[in-house]
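Novice: Got a structure for you, questions after.
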């Protein structure tokens, strides 16, 4: 387990362009990708975890959709923050019900609490019911309706929900000492500077947790002001230079042309990726069909071997029967030759054909004979 508490994972369910996505954050994380893949969406969600402030997320005031409407335009939708602690995990559910609300759960994120087996996303009250019927039952907080109360909980100044804090907060002279933390994190996230050093970030946040009077380091400010003045000087030089004015439009045109080429390349890459994905699917289908055909061929081979074996057995049997019948035909021919030598064969055959008639006549004659001698037997018996 961790010796400290960290944001471990973010899970998006029906959020912005994400249907279901799990983002691992435990360790050093780098987001790389082309435009419109969701990098900014993830970064703003991370910043919202620490600040719970919709106005400090770098969203332009001219943007038609606010953080709430952009991220939670589908219902139901959730941003889930999973926190790893020294004893295990808990997670925070952010959801919209006219306004944004929070709820804390004493368990790591479990997909079955939010999504059914047939991929139906549960409503918030159904999520609560799933926690109640779980074995063991999952503890959860009341509905947190204010951003300030949410910050009080995660920064450790809410006594009721100390178990959900990520820092040990304190209140000094009625002031919540964590306020500078999320503001400092917001400033770092929204900074346009690309060369911020890790030590500076650590020190900046550490200073924000302190109630001591900050010491202004003039050397650092001097260095940064010098770099800024150099950039301003470069801009002024470019504006005064006739060469720069002459070719600035050409540079802009070339830049625009390059951007169009990049957009065209991105489109081609998407088409290639789509074609590759399609071909991959088709290849998998063909491989499955080939495997099926190979199985069928093996089965056919086995069937052929069995049929061939049966054919050979039957052929041997039939050849033997033919030999037997040929022997019988020879005997028939011999008998025929013998019969042909007998005189009056037709008369003999005619007499033989009447054998049954003679047998019937004999039987009748026997009955008549028995009826005639029956009285004689009676007389013998009497006398």
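Every number here is computed from the coordinates shown, using simple stated rules; none is lab data. Computed from a predicted structure; not experimentally measured. FYI the Cβ positions are ideal-geometry reconstructions off the backbone, even for glycines, and counts take in every protein chain you see.
Novice: Which order do peptides 140-148, 72-80 fall in by mean Cβ count within 10 Å, highest first?
Specialist: The packing order, highest mean first, is 72-80, 140-148.
Novice: Determine the distance separating the Cα centre of region 65-91 from the Cα centre of region 337-383; give it in Å without decimals.
Specialist: Each part reduced to its Cα centre gives a spacing of 117 Å.
Novice: Could you tell me the distance between the Cα centroids of region 108-160 and region 264-300, to the nearest Å?
Specialist: 42
Novice: Please give, to one decimal in nm, the separation of the simple spin-label points placed at residue 117 and residue 284, each 7 Å out from Cα toward the Cβ.
Specialist: Once both label points are built, they end up 2.3 nm from each other.
Novice: Continuing with this model, one more query. Please compute one quarter of the surface area of the Cα convex hull for region 6-178 and express it in square nanometres.
Specialist: Over all viewing directions, region 6-178 projects a mean Cα-hull area of 11.5 nm².
Novice: With label points built 7 Å along Cα→Cβ from the Cα atoms of residue 260 and residue 53, find their separation and express it in nm.
Specialist: 4.3
Novice: Of 232, 181, how do they rank once you tally other Cβ atoms within 10 Å and put the fewest first?
Specialist: Taking fewest neighbouring Cβ atoms as first place, the list is 232, 181.
Novice: Taking 0.36 nm per intervening residue step and subtracting the Cα-Cα distance, what contour gain separates residue 348 from residue 110 on full extension?
Specialist: 75.1 nm
Novice: Also: Quote to one decimal, in nm, the extra length available between residue 372 and residue 334 on full extension: 0.36 nm per residue of separation minus the C-alpha distance between them.
Specialist: 8.7 nm
Novice: Find how much the distance from residue 364 to residue 225 grows on full extension, using 0.36 nm per residue of separation minus their present alpha carbon separation; answer in nm with one decimal.
Specialist: That works out to 35.0 nm of additional length.
Novice: Same structure, new question: What FRET efficiency, computed as 1/(1 + (r/R0)^6) with R0 = 56 Å and r the Cβ-Cβ distance, is obtained for residue 250 and residue 130, rounded to the nearest 0.05?
Specialist: Plugging the Cβ-Cβ distance into 1/(1 + (r/R0)^6) gives 0.35.
Novice: Also, I was wondering about something else. What ranking of 103, 98, 44 emerges when the number of other C-beta atoms within 10 Å of each C-beta is taken as an exposure proxy, fewest first?
Specialist: Going from least to most buried by this count: 98, 103, 44.
Novice: Here's a follow-up. Counting only C-alpha contacts under 8 Å and six or more residues apart, can you give the relative contact order of region 6-178 as a whole percent?
Specialist: 17
Novice: When a footprinting reagent is the concern and you count Cβ atoms within 10 Å, what order do 113, 334, 167 take, fewest first?
Specialist: By the 10 Å Cβ count, ascending: 334, 167, 113.
Novice: Then there's this: Kirkwood Rh over alpha-carbon pairs of region 220-341, then Stokes-Einstein at 25 °C and 0.890 mPa s: what D in µm² s⁻¹, rounded to an integer?
Specialist: In µm²/s, the coefficient rounds to 97.
Novice: Between residue 277 and residue 19, what is the label-to-label distance in nm when each label sits 7 Å out along the Cα-to-Cβ direction?
Specialist: If labels sit at residue 277 and residue 19, their model points lie 1.0 nm apart.
Novice: Calculate the FRET efficiency for residue 292 and residue 74 from the Cβ-Cβ distance with a Förster distance of 41 Å, rounded to the nearest 0.05.
Specialist: FRET efficiency, residue 292 to residue 74: 0.50.
Novice: Starting from the exponent 0.38 and prefactor 2.2 Å, build the expected Rg for region 344-383 from its residue count and divide its actual Cα Rg by it.
Specialist: Dividing the Cα radius of gyration by 2.2 N^0.38 Å gives 1.93.
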